1. Among the residues of the range 257-303, which ones are of a type in the set (Ser, Thr, Tyr), surrounded by fewer than 19 Cβ atoms within 10 Å (Cβ to Cβ) and in a helix (DSSP H, G or I)?
2. Are there any pairs, at least 6 apart or on different chains, whose C-beta atoms fall under 9 Å, with the first in the range 119-137 and touching a residue at least 40 places away in the same chain (Cβ under 8 Å) and the second outside any strand (DSSP E or B) and polar (S, T, N, Q), and if so, which?
3. Are any of the residues in the range 85-104 of a type outside the set (Val, Ile, Thr), within 16 Å of the ligand (Cβ to nearest atom), farther than 25 Å from Leu298 by Cβ and not in a strand (DSSP E or B)?
4. Just checking, how many residues over the range 167-186 are in a loop (DSSP other than H, G, I, E, B), away from the ligand (no atom under 16 Å from the Cβ), among the hydrophobic types (A, V, I, L, M, F, W, C) and touching a residue at least 40 places away in the same chain (Cβ under 8 Å)?
5. Any residue in the range 187-200 that is touching a Lys or Arg at 6+ places or on another chain (Cβ under 8 Å) and either among the acidic types (Asp, Glu) or away from the ligand (no atom under 16 Å from the Cβ) (or both)?
6. Just need a number here: residues in the range 256-270 that are touching a Pro at 6+ places or on another chain (Cβ under 6 Å) and more than 10 Å from the ligand (Cβ to nearest atom).
Amino acid sequence: MRNCEHTIKKTYYFEGKGLHTGTYAHMKLKPAPAGSGIKFRRVDLPGKPVIDAIADNVSNTARSTTISRKETVAVTIEHITSCLFGLGVDNAVIELDNIEVPILDGSARYYVDAIMKDGLVNQGVTRRFLELTEPVEVEDSLSGSWIKVEPAAAPSIDLTVDFGSRIIGVQNVHWDPGVDYASEIGPSRTFCFFHEIEYLFRNNLIKGGDLDNAIVIVEQEATDEQLKWVSQVFGLPDLHVTDDGYLNNLKLNFPDECGRHKLLDLIGDISLVGGYLNAHVTAFKPGHALNTRLAKILRSKIK
Ligand SMILES: [Zn+2]
């Protein structure tokens with residue numbers, strides 16, 4: 001892994017609706033000085049307030065990671081933070097003119113493609129790797145999810161997804177600095193189960209959901225009535241279930257795309273520790289609540 005801090009070469013522009021709020025945002029991804037870390041700036045609010053992308057600022061983890069500071073909020077930050085961490089970007093500013101980061105295609109592909117076209121800028125400052133003195137473990141007894149972190153010579157992650165799903169089965173995925181994030185992890189899209197859609201929607205989530213930005217897994221048989229409801233609410237005509245259990249004719253980017261996306265999310269949430277941690281992470285069925293709870297504990301241990 002590179003031993004110097006890096007930033008991006010120039011400013012990149014993105015725009016689109018947010019997955020959960022459905023609000024439309026313009027986003028600028030800008031270079032930042034060495035030692036400044038990753039920051040979000042709400043340019044639509046008075047004084048253009050800044051929020052550091054650190055675990056202490058996490059305020060909501062319902063199906064995405066939200067950070068806030070006083071009244072300033074940034075929703076669904078995990079795909080852009082994952083991309084920056086995965087590509088080795090230590091310092092950047094993400095400017096938003098609305099509350100939520102655009103979901104784009106549900107992966108980090110657009111960010112990756114933009115940044116890697118120009119390459120990164122070496123800032124000539126030694127990167128400080130974070131060290132742990134003892135293992136840390138968190139678990140959610142309700143879901144059976146757990147994450148274990150053990151001190152190691154370099155950062156790495158092993159993750160297992162097992163929802164008892166007949167469609168996606170059990171998936172094991174791995175990241176370390178030798179894995180090419182840009183081609184192996186960045187293009188994996190977010191997903192949800194068809195039978196959760198109505199519940200999520202009625203709980204003020206996935207308002208910007210679309211078949212262009214999420215993989216929909218049809219685990220249980222979808223009735224005509226359910227398909228009609230989803231079709232009407234999301235404005236999606238011609239919904240059907242494929243033989244292999246996905247909504248419409250979806251081509252997966254990887255056979256284990258869901259596992260890879262969980263890894264993408266975990267990398268984004270772990271980045272909120274505030275740097276590269278010399279530790280091996282083992283995660284079973286992780287989610288944003290557990291990931292960010294862990295990141296908070298890790299921050300308190302390395303201070
Ligand atoms: Zn995600």
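Values in this text are rule-based calculations from the coordinates and carry no lab data. Here the structure is a predicted model, which is why all the values come from computation and not from measurement. Neighbour counts run over all protein chains shown; Cβ positions are idealised from the backbone, glycine included.
1. Ser300
2. Close Cβ pairs (under 9 Å, with a partner that is outside any strand (DSSP E or B) and polar (S, T, N, Q)) amount to Thr126/Asn3; Arg127/Asn3; Phe129/Asn3.
3. Taking every residue of the range 85-104 in turn, at least one turns out to be of a type outside the set (Val, Ile, Thr), within 16 Å of the ligand (Cβ to nearest atom), farther than 25 Å from Leu298 by Cβ and not in a strand (DSSP E or B).
4. Residues flagged as in a loop (DSSP other than H, G, I, E, B), away from the ligand (no atom under 16 Å from the Cβ), among the hydrophobic types (A, V, I, L, M, F, W, C) and touching a residue at least 40 places away in the same chain (Cβ under 8 Å) within the range 167-186 amount to 1.
5. Within the range 187-200 (the criterion being touching a Lys or Arg at 6+ places or on another chain (Cβ under 8 Å) and either among the acidic types (Asp, Glu) or away from the ligand (no atom under 16 Å from the Cβ) (or both)), the answer is no, since none of the residues qualifies.
6. Count: 0.
Quick grid of which residues meet (1) within 27 Å of Trp175 (Cα to Cα); (2) over 20 Å from the mean Cα position of the chain (by Cα); (3) away from the ligand (no atom under 16 Å from the Cβ); (4) not in a loop (DSSP other than H, G, I, E, B):
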residue	(1), (2), (3), (4)
Lys28	no, no, yes, yes
Ala34	yes, yes, yes, no
Asp56	yes, no, yes, yes
Ser68	no, no, yes, yes
His79	yes, no, no, yes
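One line per residue, one yes/no per condition, for (1) under 26 Å from the mean Cα position of the chain (by Cα); (2) part of a helix (DSSP H, G or I):
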site: Tyr199; (1), (2): yes, yes
site: Leu205; (1), (2): yes, no
site: Gln232; (1), (2): no, yes
site: Asp238; (1), (2): no, no
site: Pro255; (1), (2): yes, no
